[in-house]
Amino acid sequence: MNDTRRYILIAEDSRTQADMLCYLLNQAGYETGVVESGTAALVAVRQRMPDLILTDIVMPGMDGYELCSAIRSDPAISHLPVILVTQLYDPEDVIRGISCGANNFIIKPYDSTGLLAGIDAVLHPRKTPADENGSINIQYKGNQYTVRSDRNDILNILLSIYGTAVTKNVELEQATDRMNVLTGSLEELVVDRTMALQRTTDTVEHLLMQKNELITKIGHDLKTPLTPLVALLPHVLKHEQDSELKEILDVLVNDVNVLKGLVEQILKLSHLNQESFSMETTDISLSRVVHEVIDGYAFSIKQFNLLVHNHIPSECIAHISPFHVTTIFDNLISNAIKYNIRGGTITCRVFDEGEFWAVTIADTGIGLTQDEANRVFEEFYKADPSRHDHSSHGLGLSIVQRIVMFYGGSITVSSPGKGMGTTFQVRLPKTVIQ
C-alpha cells in the first residue's frame, strides 16, 4: 500500500509521457512534479526534496544516467531513490544503470500495475544484510564497471526485467495459438479451392511469410530482456551470500535459461523454409556425426549412468547439410537421454535401404502410448505432460521432421508402450535426391 501524498519528481522531456505518468501516479495517491531535463531536476530537488525521482534516460543535455550519477555524487541528496524509465535494448543499458546507482528500471511500454509495483519496491525495500565489499566490479565488452547499487536494487532491477521477459513469453504463446488457428484455416482453404490453385498458393505463401515474420519479431523482442538476464543473473548469484536470495536467484537463472531455449527453438522453427535449405550440402559420415553428438552429452550420460552403443559403421555416408544432420541427431539423442531411465541404454544402428540409410535411435526409457506416438511430431505437442518438464517445448521433433522431409526422407516412431522404451527411425539419402 502506497504512503499517502508521497512526492515523486518526474524528469521527462515528452509532455505526453509526463502527463501519462502524472495521471497514473496521482490516481495511486502520489503527489507529482515535472521537469524536462536532468539539469532542471537537480535544481528542483534543492527547492523541494522528493521521496523519489522517476527519470527518462534520453533527454536533452543531461540524460538520465548523468542525472543519477550527479545525485549519487552529492552527499546532500545521495540517498534519494532514482528509477530509470527505459526501452532497455541492450545489456549495457542495464550495466550503465546499475553503475550510476539506479534503484530500479521501469520498462517501456509500461502499464499501471508494473509502474506502481516498481515504485513500491523502491519506496518499501525488503531489508537484507549489507555486502562486506560494498561494490561489484564487472567487465563487459572490454570496459570495467563498478556497481554501486546494493543487492536489493540489483534484485529489483533483475526481477523487473524478468517480469518483462515473462510477459513477452505470454505474448508469444498467444501468438502461437493464433498461428495454429491460422494454419488450420489455410489447410481448409487449400482443400476448398483446388480449382484456384495458383491464387490459393500465393495467399498461403503470403500468410506463411507473415507468420514467420511475426515469430521472428516476437523472438527477437524476447531476446532483448533475456540478454541482460542471462549475462547478469549468474554473476549476482555467484556473489550473493544470503541463502534466501540465492534460492530466488537460482530459480530465476533456471527459468531464464528455459525461456532462452524456447526462443531459440521458435526462431529455428520459423527459419525452416525453402530459403534456409539453400545452405551447402556435402557427403558426411553419419557415424562421425552421431559420435560427436554423443560426446557433447557426455556429462548427462554419465550423470544418468546410461550405456550408449553406436553401431553405425564409418562408411555410411549421407549427402546432407552438416548443420541439418547435426540438428536431427542432436534432437533424437537428447530425447533418448532425457526420457530414459537411470542406468538405461541407448542404441544407434543403421540399415541399408537402397538409396537411403535407415538410422534407428532406440532407448529403454518411459515409452509412448499409441496416441502419443501418433502426435509426437506435432508442433508444441509434449507427451506425458504430467512430467512437468518445462525445458521441453514440443518443437524438436517437429523441426527434425521438416528437415528430413525436405531431403526426401522420412521419420517414424514406435514404442511397445509405457515404460518399454522408444525407437525413432530416420531415412536419409545417400546421394542428392533429384
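Values in this text are rule-based calculations from the coordinates and carry no lab data. On a predicted model such as this, the values are computed, not experimentally measured, just so you know. Reconstructed Cβ throughout: ideal geometry from the backbone, glycine too, with neighbour counts over all protein chains shown.
Can you give the FRET efficiency for Leu182 and Glu280, using 1/(1 + (r/R0)^6), R0 = 45 Å, r = Cβ-Cβ distance, to the nearest 0.05? Calculated transfer efficiency: 0.85.
Rounded to the nearest 0.05, what FRET efficiency is calculated for Val58 and Thr345 with R0 set to 56 Å and r the Cβ-Cβ distance? The computed FRET efficiency comes out at 0.40.
Taking all Cα pairs closer than 8 Å and separated by 6 or more residues, the relative contact order of region 11-63 comes to 46 percent. Cβ-Cβ distance of Gln144 and Gln87, R₀ of 22 Å, FRET efficiency by 1/(1 + (r/R0)^6): the value works out to about 0.30.
Backbone amide hydrogens, once placed in the peptide plane, bring Ser149 within less than 5 Å of Gly101, excluding anything fewer than 5 places away on its chain. Taking a quarter of the surface of the Cα convex hull of region 35-120 gives a mean projected area of 5.5 nm². Cα centroid separation, region 398-434 to region 33-55: 64 Å.
Between Phe323 and Thr16, the distance separating the two model label sites (each 7 Å from Cα on the Cα→Cβ line) works out to 4.0 nm.
Segment Ser414..Asp295, full-extension length gain: 40.3 nm, with 0.36 nm per residue of separation and the alpha-carbon distance subtracted.
The label-point distance for Thr369 and Glu355, in a model that sets each label 7 Å from Cα toward Cβ, rounds to 3.9 nm.
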